[in-house]
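**Q** Sharing a structure below in structure tokens format, with a few things to ask.
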Amino acid sequence: MGKYIIRGGRRISGTITVDGAKNAVLPILAAIPLCDGKFVVRNCPDISDTHITIEILKSLCYEINFDKKTLTAVRTKDSTGCVPDTLVDKMRSSIIFMGSLLASGGFVEIGYPGGCELGKRPIDIHLAAFRKMGAKITEREKTVICEAKKLKGCDITLDFPSVGATENIMLAAVRAEGTTTIKNAAREPEIRDLAEFLNKMGANVSGAGESEIKICGVKKLCGAEHTVLSDRIVAGTFLAAAAMTGGEITLQNVIPSDLNPICASLAQSGCIIKGDANSVTLHAPERLSAIDIITEPHPGFPTDMQAQMCAMLSVADGFSVIDERIFSARNKHIPELIKMGADIKMWGNGTVSTIRGVDSLHGAEVSARDLRGGAALIMAAIAAKGESIVKNSEYVERGYSKIEEMFRSLGADIDYQQ
Ligand code: UD1
């Protein structure tokens with residue numbers, strides 16, 4: 001288990017290039033088993049979730065080469081459609097392989113993902129959709145088996161615009177018989193990127209990024225090349241870190257419009273933000289102002305940026321309220337921030353927090369309990385007076401590639417120790 005050792009009190013300022021998005025690369029790699037052919041995926045983030053996904057592809061008989069953010073994949077023989085439990089346990093998002101394996105081989109057996117560090121993570125919306133498309137679902141104690149000789153296109157209205165369910169249905173529907181329409185679909189930018197990749201493979205997907213997606217099933221798909229969309233959550237993390245430390249930062253290789261929900265909140269708290277075709281620059285004010293945040297599906301404020309904003313607002317002027325409405329247990333960073341001098345109270349079942357901004361945080365020994373909460377603690381430690389240790393780096397490594405090097409290049413005093 002690694003840890004970050006951080007001597008705080010430095011400004012985060014400078015220019016960085018943002019890598020490909022974790023939440024885009026995972027469904028894109030999960031699309032690969034849909035057909036034979038050679039795949040080249042560029043701008044893949046070098047994070048542990050990418051490496052787990054590579055292990056899954058290897059277990060499905062793919063030969064993978066991953067070098068300098070470019071991944072190539074070719075199937076060497078037919079696979080069984082079984083995803084090893086050990087890999088599902090390591091990464092809940094492995095259920096994203098269900099759609100493509102069901103569509104290509106007519107069979108998938110995968111460990112039931114159960115809960116995770118963010119709270120209960122059911123997959124009922126995914127399974128209801130597969131059932132509607134004609135799949136037979138057998139739910140055992142620990143695994144789910146989906147079988148279908150041929151999936152049939154149909155109209156599916158989601159109870160909630162689940163990102164993973166929207167992607168799984170898209171992956172299943174591209175090879176189904178007839179047309180599938182997803183209503184109340186998730187509108188996250190990563191869905192748009194998946195659709196672009198699928199269309200390069202010869203699929204017929206339209207409306208991705210809007211709430212109604214139409215997928216006309218095709219008989220044949222082929223290998224494809226694609227460059228992964230940049231990571232708006234990594235971008236938001238560095239913007240918030242610069243804002244919190246009174247810095248000035250430019251991010252390159254971003255799509256400014258995808259960052260609108262995050263930038264709107266940062267601007268509300270007093271930051272000046274300018275964007276052009278593929279970069280965004282933020283100037284922090286002398287003191288940030290308190291703001292309120294409600295997490296919602298895109299284009300609302302993303303739950304994946306909530307913890308980082310909580311860290312940032314812990315030193316803003318006034319009272320802020322954060323209402324986490326997507327996940328039930330996404331505030332595990334709060335007790336750790338309190339150890340650093342933050343004044344935060346949690347209400348009700350722990351999803352609403354009120355933050356009274358303090359003048360400054362102080363160093364402490366804290367532990368990451370999830371990916372984004374871990375990033376929030378690193379931000380807080382960089383802003384704090386004195387030395388901090390942030391333990392459990394493996395959570396952070398799931399979604400940030402060498403975060404310590406990125407922050408160091410922006411002026412932070414941070415080391416990583418195994
Ligand atoms: C994806 C992202 C994750 C992000 C989340 C919300 C990936 C790999 N992960 O996760 O980083 O935080 O979107 O933006 O892209 N739900 C159900 N039943 C289901 C499916 C979901 O009740 O069948 C609930 C979940 O428990 C949760 C909410 O819906 O409360 C949102 O989940 P969902 O949008 O599916 O998130 P993920 O795809 O798992």
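**Q** Quick check: residue separation of I338 and Q268 times 0.36 nm, minus the Cα distance between them. What number comes out in nm?
**A** That pair, I338 and Q268, stretches by 22.8 nm at full extension.
**Q** Could you give P(r) for the chain, binned at 10 Å from zero, as whole percent values over all Cα-Cα pairs?
**A** It works out to 5, 23, 32, 24, 13, 3, 0, in whole percents.
**Q** Then there's this: Please give the FRET efficiency for D85 paired with K150, using the beta carbon to beta carbon distance and R0 = 41 Å, rounded to the nearest 0.05.
**A** Details: r = 28 Å, r/R0 = 0.68.
Calculated value: 0.90.
**Q** Here's something else I'd like to know. Given only helices, namely DSSP H runs of n ≥ 4 each adding -39500 (n - 2.57), what is the per-residue ellipticity at 222 nm of the chain, to the nearest 500 deg cm²/dmol? Mind dumping the intermediate values first?
**A** On the way: 14 runs with 130 residues, N = 418.
Rounded to the nearest 500, the figure is -9000 deg cm²/dmol.
**Q** Further, regarding this structure: Rank A176, A224, A311 by mean-square fluctuation in a GNM of the chain with C-alpha springs under 10 angstrom and give only the top-ranked residue.
**A** Result for the chain, Cα springs under 10 Å: A224 fluctuates most.
**Q** Starting at the first residue of segment 342-354, write each ³J(HN,Hα) from the Karplus equation 6.51 cos²θ - 1.76 cosθ + 1.60 with θ = phi - 60°, in whole Hz, x for Gly and Pro.
**A** Result, rounded to whole Hz: 6, 10, 10, 10, 9, 10, x, 8, x, 9, 10, 10, 10.
**Q** Counting Lys and Arg as +1 and Asp and Glu as -1, what is the net charge of the other residues whose Cβ lies under 14 Å from the Cβ of M244?
**A** Working: positive: R10, R11, R287, K385; negative: E248, E286, D317, D359.
Here the charged neighbours net out to 0.
**Q** Another question about this same structure. Could you give the angle, 0 to 90 degrees to the nearest 10, between helix 22-31's Cα long axis and the longest principal axis of the Cα atoms of the chain?
**A** 10
**Q** What's the angle, to the nearest 10 degrees (0 to 90), between helix 232-244's Cα axis and the longest principal axis of the chain?
**A** 0
**Q** Here's a follow-up. Just S401, S314, S94 to compare: in a GNM of the chain, with alpha carbon springs under 10 Å, which one fluctuates most?
**A** S401
**Q** While we're here: Given a 1.4 Å probe and heavy atoms of the protein chains only, how would you sort H298, H333, largest accessible area at the top?
**A** Sorted descending by solvent-accessible area, the residues read H298, H333.
**Q** Does anyone have the angle between helix 48-59 and the longest principal axis of the chain? Alpha-carbon axes, 0 to 90°, nearest 10?
**A** With rounding to tens, the tilt is 20 degrees.
**Q** Using the per-residue mean of other Cβ atoms lying within 10 Å as a proxy for protection, in what order, highest first, do the peptides 192-200, 349-357 fall?
**A** Top of the packing list down: 192-200, 349-357.
**Q** For the pair W347 and S206, what calculated FRET efficiency results from E = 1/(1 + (r/R0)^6), where r is the Cβ-Cβ distance and R0 = 41 Å, to the nearest 0.05? Show your work: numbers first, answer last.
**A** Details: r = 43 Å, r/R0 = 1.04.
The value I calculate is 0.45.
**Q** Measuring with a 1.4 Å probe in the full set of protein chains, what accessible area per residue, in whole Å², belongs to the chain?
**A** Working: 16480 Å² over 418 residues.
Here the per-residue accessible area is 39 Å².
**Q** Where the eigenvalues come from the Cα gyration tensor of segment 189-306, what are the semi-axes √(5λ) of the equivalent ellipsoid, largest first, in whole Å? All intermediate terms of the calculation are to be shown ahead of the outcome.
**A** Numbers: eigenvalues 231, 48, 18 Å².
So the three semi-axes of segment 189-306 are 34, 15, 9 Å.
**Q** Related question: Carbon-plus-sulfur fraction of the accessible area of segment 292-418, 1.4 Å probe, in percent?
**A** 50
**Q** Shifting gears a bit: Hey, if we sort F107, F160 by accessible area with the 1.4 Å probe, largest down, what's the order?
**A** Values: F107 65, F160 85 Å².
Sorted descending by solvent-accessible area, the residues read F160, F107.
**Q** Right, next: What lysines sit close enough to K214 to cross-link, taking a C-alpha to C-alpha distance under 19 Å and skipping anything fewer than 8 places away on the same chain?
**A** K132, K150, K152, K183, K200
**Q** At 7 Å along the Cα-to-beta-carbon direction for both F319 and M1, put a label point, then send me their distance in nm to one decimal.
**A** Result: 3.6 nm between the two label points.
**Q** Classify segment 22-227 as rounded, prolate or oblate from the Cα gyration tensor: take a ≥ b ≥ c as the square roots of its eigenvalues, call it rounded if a/c is under 1.5, otherwise prolate when a/b beats b/c and oblate if not.
**A** In terms of gyration-tensor shape, rounded.
The values are calculated or read from the model by the stated rules, or taken from the named source; none is laboratory data. What you see is a predicted model; the values in this text were computed from it and never measured. Positions of Cβ are backbone-derived with ideal geometry, glycine not excepted, and every protein chain shown enters the neighbour counts. Only protein heavy atoms, including side chains, enter the accessible area calculation; ligands, DNA and RNA are left aside. Shrake-Rupley method; radii C 1.70, N 1.55, O 1.52, S 1.80 Å.
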